[in-house]
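Here's the structure, in structure tokens; my notes come after.
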Ligand SMILES: [Ca+2]
Ligand SMILES: [Ca+2]
Ligand SMILES: [Ca+2]
């Protein structure tokens, strides 16, 4: 029985043991403040990390697509023997670019039509179109690469694209008339993050090289505008 009594907390008798209610309240408030500070730092870091991740993802996505497109647009008009039919730029406007080039050393049949369906015959022409379309039917636009046999997205989540043409006489236009006079293509491309960031509002306006504007979208998607000039080294030879 003695041991049990020794553990009882008798008021006024054992003041130095444990904490008073006020001390406990202070401790609770202080630890609450510390937890809140740590949590808000954590949330801020998470937001920064999410923003950085989205920007990196967009840039990689847009860069990869642009690399493929740049390499091919430079090939427009490639016709080393001067005997191939259908090379050069065949359709050119602000949102669509179609062109052909000789692709007879790539071990691939690039023109699968009956009359010249031979695999990789001499002077066979590959015809390529770049334009925006909704790949995967998920209600967002993507940069498409279309050939007679295949359509694929080379960059996903692209809100807008603009092809602006620099002509042989140095003038620039979105609607070239004499397609053989095209010398360079300036491409503006607006990429969007794949997911929203609820803590971010996009009210920005994006200006293309031709001075057209895109936005404001007033949504929660981050975006990046990329502009590049591609010299069509096989045009005008
Ligand atoms: Ca080929
Ligand atoms: Ca062929
Ligand atoms: Ca899509």
Regarding region 96-117, can at least one residue be identified that is at pLDDT 95 or above, within 19 Å of the chain's Cα centre (by Cα) and within 16 Å of ligand 3 (Cβ to nearest atom)?
no
So, residue 18, is that one more than 16 Å from ligand 3 (Cβ to nearest atom), on the phi > 0 side of the Ramachandran plot, modelled with pLDDT of 95 or more and out of contact with any strand residue (DSSP E or B) (no Cβ under 6 Å at 6 or more places or on another chain) or not?
no
Would you check which residues across region 190-212 are part of a loop (DSSP other than H, G, I, E, B), loosely packed, with under 15 Cβ neighbours inside 10 Å and either at pLDDT 95 or above or in contact with a strand residue (DSSP E or B) (Cβ under 6 Å, 6 or more places away or on another chain) (or both) and list them?
201, 203, 204, 205, 211, 212
Residue match in region 188-208 (condition: over 22 Å from the mean Cα position of the chain (by Cα) and within 20 Å of residue 91 (Cα to Cα)):
no
Going by the conditions given, is residue 71 assigned to a loop (DSSP other than H, G, I, E, B), surrounded by fewer than 13 Cβ atoms within 10 Å (Cβ to Cβ) and either in contact with a helix residue (DSSP H, G or I) (Cβ under 8 Å, 6 or more places away or on another chain) or without any contact (Cβ under 8 Å) to a residue 12 or more places away in the chain (or both)?
no
Which residue is farthest from ligand 2 (Cβ to nearest atom), if the candidates are limited to region 127-148 and must be over 24 Å from residue 80 (Cα atoms) and part of a loop (DSSP other than H, G, I, E, B)?
139
Go through region 128-181 residue by residue and tally those that are more than 16 Å from ligand 3 (Cβ to nearest atom), farther than 20 Å from residue 71 by Cα and surrounded by 15 or more Cβ atoms within 10 Å (Cβ to Cβ).
3
What number goes with the only condition from (1) buried (at least 18 other Cβ atoms within 10 Å of the Cβ); (2) touching a strand residue (DSSP E or B) at 6+ places or on another chain (Cβ under 8 Å); (3) not in a helix (DSSP H, G or I) that residue 80 does not pass?
(1)
Within region 86-108, the residues that are touching a helix residue (DSSP H, G or I) at 6+ places or on another chain (Cβ under 9 Å), surrounded by fewer than 18 Cβ atoms within 10 Å (Cβ to Cβ) and over 28 Å from residue 141 (Cα atoms) are none
Output for region 88-126, where each listed residue is assigned to a loop (DSSP other than H, G, I, E, B), more than 10 Å from ligand 2 (Cβ to nearest atom) and in contact (Cβ under 8 Å) with a residue 40 or more places away in the chain
93, 94, 95
Give the residues of region 127-150 that are in contact (Cβ under 8 Å) with a residue 24 or more places away in the chain and touching a helix residue (DSSP H, G or I) at 6+ places or on another chain (Cβ under 8 Å), sorted by residue number.
128, 130, 143, 145
Would you confirm, using the coordinates I've provided, whether residue 153 is in a strand (DSSP E or B) and either touching a strand residue (DSSP E or B) at 6+ places or on another chain (Cβ under 7 Å) or over 30 Å from residue 86 (Cβ atoms) (or both)?
yes
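The values are calculated or read from the model by the stated rules, or taken from the named source; none is laboratory data. Quick caveat, the model's predicted, so the values are computed rather than measured. Positions of Cβ are backbone-derived with ideal geometry, glycine not excepted, and every protein chain shown enters the neighbour counts.
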